[in-house]
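The structure appears below as structure tokens.
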Amino acid sequence: MFGKAESEMNEMQVPKVSAGAGSREQATVGSSIAIKGDLVGEEDLVVHGRLEGTITLKQNSLLIGKDGHIKADVRARVIIVEGRVEGGLFGDEQVIIKKSGVVQGNIEAPRVALEDGCKFKGSIEMNVGTKVAEPAAVGKTATGNGHKAEAVAIRK
Amino acid sequence: MFRAQGAAARVSASDDNELTYRSPGLQLIFERISSADKVNILDLGPPLSSNVEFLSSYPCRLYIGDWLQWLPLYGDHWGEHPAFSPLFSEMLSLKADDQFDVILGWDMINYLGEENIRRFSRFLAEHTHANALCFFSVATHKEMAAQPAKYRILSKGSLHCEQADCNPCPSPRFTQSRLLELMPEFQSHRSFLLQNGRQEQILRIR
């Protein structure tokens, strides 16, 4: 399971942690683990279990696996949701909700991607404080059936 | 006032269940979005990557109220189901002071029964700014698909409609006057009759 999670993070092209910005270590909360409280760390984290409270990984990535269930406000550099989240997601770089993801809460991040088929209830804050050039038309090939949501919302 | 868009409205049809077409109503909506410093947008469709991507280029807060996910709970007659309307609050998780500038209602109006349209109109009016615009795509042909479609924003003035594979059912064929009777809190801002059987209604609050 650990290896699968890591490969999926690579598939989503999650930016690597730059040297000095934090540890490249990765911790895992297993599927039988339940944690209540505030979690702060400086390494990437994969959650397959349950977590309730707050999560702060300012320089690092958080992957919530398909079996993961989080009731918390989350702040991380990159947040990828394959499981269930009830709470706010604050990504310093990017938030990605995968097809299997179920999110109830608000999202704030410079880049937000929702994969078709995900369940989302809440709001997404776009373009905080900046107005950007209007978008070009989205090509049919990028939006038809079966399109995987690599259509990441990138703001300058 | 109707504006017939005629042949120009239809861009392409990839198969029976998918249609790409020009949407003058959507264009009007984006004129509103572009002219504002920041807008609150309510999208009443399922979360679609392409729509999030497109809207992310505008300064806005996007609320997604995926009402379609609730339908299986109410069987075939959810349009008239009295328990459906209380879900408006549930499905949107709105705070009392949340107010919208743009509401993308897509084709949901065709699938709510008349009483639920009245309830929905009251609900929307409580959460709508004075200059807000609401976009609805109203079926005008005798029949329509039995399930609502997914609408992907391709550009400021074009949509890609993906219809689930389902049998046709009778369309309510709401006229503008009937729709406004059911939604007395709103008035018509513009409407566009498209050749593909849709009438795009842009409503604003009275």
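For this structure, a couple of remarks:
- Taking the listed residues B:SER121, B:SER137, B:SER177, B:SER191, the one that is farther than 19 Å from B:PRO24 by Cα, open to solvent by less than 20 Å² (accessible area, probe 1.4 Å) and modelled with pLDDT of 90 or more is B:SER121, with no other qualifying.
- Extreme residue, farthest from B:ILE103 (Cα to Cα), among residues of the range B:120-140 that are part of a strand (DSSP E or B) and of a type in the set (A, V, I, L, M): B:ALA139
Okay, residues lined up against (1) of a type in the set (D, E, K, R); (2) surrounded by 15 or more Cβ atoms within 10 Å (Cβ to Cβ); (3) modelled with pLDDT of 85 or more:
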| residue | (1), (2), (3) |
| --- | --- |
| B:ASP15 | yes, no, no |
| B:GLN27 | no, yes, yes |
| B:GLU31 | yes, no, yes |
| B:SER56 | no, yes, yes |
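- Top-ranked residue of the range A:89-106 - restricted to ones that are open to solvent by less than 10 Å² (accessible area, probe 1.4 Å) and closer than 19 Å to B:LEU94 by Cα, ranked as nearest to the chain's Cα centre (by Cα): A:LEU89
The values are calculated or read from the model by the stated rules, or taken from the named source; none is laboratory data. Computed from a prediction, not measured in an experiment: that's the story for all the values here. Don't worry about glycine lacking a Cβ; one is built from the backbone with ideal geometry, like all the others, and counts go over all protein chains shown. The protein model used for the area step is the full one, side chains on, heavy atoms only, and it has no ligands, DNA or RNA in it. Shrake-Rupley method; radii C 1.70, N 1.55, O 1.52, S 1.80 Å.
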